[in-house]
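This report concerns only the one structure given below.
The values are calculated or read from the model by the stated rules, or taken from the named source; none is laboratory data. Please read all numbers here as calculations on a predicted model, not as lab measurements. Neighbour counts run over all protein chains shown; Cβ positions are idealised from the backbone, glycine included. Quick note on the areas: whole protein, heavy atoms, side chains included, nothing else; ligands and nucleic acids left out. Shrake-Rupley method; radii C 1.70, N 1.55, O 1.52, S 1.80 Å.
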Amino acid sequence: MGTTNAGTKEPLALLKEALQGGITHFQLREKGNGALTGDALVEFAANCKSLCGEYGVPMFINDDVELACTIEADGIHIGQDDMSCDEVRKRIGASMALGVSVHSVKEANEALTCGATYLGMGPVFGTRTKSDAKPPAGVAEIIKVKTQYPNVPVIGIGGIEPGNSEIVWRAGVSGIAVISSIAQAEDVAEQIERFKQSIPGRRVG
């Protein structure tokens, strides 16, 4: 999430709620009208990283390689239209995780060849967050990529909610990326629990 996704909540307070609720990774995606820039963005990102550190949760930066290096983030996530992944890998060194958004086996192959640690795939469903998102792709391409690269972590992205997340887990993803469904939830911890209950084989009670 970014500050513009927090609605009426204070962004760091929302992040803390999500961390307490049990998210396993956090990605700062600071975009759109009213997004932080310059020193304010660096300060906010550093505060997010510090808060994530208290909960032992890795923090990723979306697109902004400079920011990821400045705050020594745990990872960076880039899209197909951003800096090329081999260029990013050179900039961030060998130890920082690198995620790349892909939409096919061909793009997955290219990303892995130049050093991607994991792949993001979507939008699985229609998304409220990205105005320029591609049409929903379902899980067919995820299944193809997982068949070709069974050991590579794939993260499902786009319009995922507790009611539709089971099909994404069943496609073989290692995780799901969510903004609106958690950021706009009345009870953040309860919403995260719903997502966890949707993981096949992990239902409780």
| Name the residues in the stretch 178-205 that are within 28 Å of Gln148 (Cα to Cα), open to solvent by less than 30 Å² (accessible area, probe 1.4 Å) and in a loop (DSSP other than H, G, I, E, B), would you? | Ser198, Ile199
| Criterion (small (Gly, Ala, Ser) and more than 15 Å from the chain's Cα centre (by Cα)) met by exactly one of Gly32, Gly79, Gly75 | Gly32
| task | Report, ordered by the first and then the second residue, all pairs with beta carbons closer than 7 Å, sequence separation of six or more or different chains, a first member in the stretch 64-79 that is crowded, with 18+ Cβ neighbours inside 10 Å, and a second member that is among the charged types (D, E, K, R). | result | Val65/Arg91; Ile71/Lys49; Ala73/Lys49; Ile78/Asp63
| task | Could you please let me know if Gly120 is open to solvent by 20 Å² or more (accessible area, probe 1.4 Å) and out of contact with any helix residue (DSSP H, G or I) (no Cβ under 8 Å at 6 or more places or on another chain)? | result | no
| For the subset of the stretch 1-32 comprising residues that are acidic (Asp, Glu) and surrounded by fewer than 21 Cβ atoms within 10 Å (Cβ to Cβ), which member is farthest from Ile179 (Cα to Cα)? | Glu10
| note | Among the residues of the stretch 16-48, the number that are over 21 Å from Tyr118 (Cβ atoms), assigned to a helix (DSSP H, G or I) and in contact (Cβ under 8 Å) with a residue 12 or more places away in the chain is 9
| Residue among Thr4, Thr70 that alone is of a type in the set (Ser, Thr, Tyr) and within 17 Å of the chain's Cα centre (by Cα) | Thr4
| request: Can you run down the residue pairs with Cβ atoms below 7 Å, 6 or more apart or on separate chains, where the first is in the stretch 133-154 and among the small types (Gly, Ala, Ser) and the partner is part of a loop (DSSP other than H, G, I, E, B)? | output: Ala133/Pro123; Ala133/Thr127; Ala133/Gly158; Ala137/His103; Ala137/Gly122; Ala137/Pro123; Ala137/Val124; Gly138/Val124
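Matching residues to (1) over 17 Å from Glu107 (Cβ atoms); (2) crowded, with 20+ Cβ neighbours inside 10 Å:
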| position | (1), (2) |
| --- | --- |
| Ile142 | no, yes |
| Asn151 | yes, no |
| Gly156 | no, yes |
| Glu161 | yes, no |
| Ile167 | yes, no |
| Arg170 | yes, no |
| Val173 | no, yes |
| Ile176 | yes, yes |
| Looking at this structure, is Gly2 under 30 Å from Ala137 (Cα atoms) and in contact with a Leu (Cβ under 7 Å, 6 or more places away or on another chain)? | yes
| Before we move on, is Ala45 under 18 Å from the mean Cα position of the chain (by Cα), more than 29 Å from Gly172 (Cβ to Cβ) and either open to solvent by 50 Å² or more (accessible area, probe 1.4 Å) or of a type outside the set (Ser, Thr, Tyr) (or both)? | yes
| In this structure, does Gly56 turn out to be under 17 Å from the mean Cα position of the chain (by Cα) and open to solvent by less than 30 Å² (accessible area, probe 1.4 Å)? | no
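Each row is one residue, and each column tells you yes or no for (1) outside any loop (DSSP other than H, G, I, E, B); (2) among the small types (Gly, Ala, Ser); (3) in contact with a Cys (Cβ under 6 Å, 6 or more places away or on another chain).
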{"site": "Glu72", "(1), (2), (3)": "no, no, no"}
{"site": "His77", "(1), (2), (3)": "yes, no, no"}
{"site": "Asp81", "(1), (2), (3)": "no, no, no"}
{"site": "Val88", "(1), (2), (3)": "yes, no, no"}
{"site": "Arg91", "(1), (2), (3)": "yes, no, no"}
{"site": "Ser95", "(1), (2), (3)": "no, yes, no"}
{"site": "Gly99", "(1), (2), (3)": "yes, yes, no"}
{"site": "Glu110", "(1), (2), (3)": "yes, no, no"}
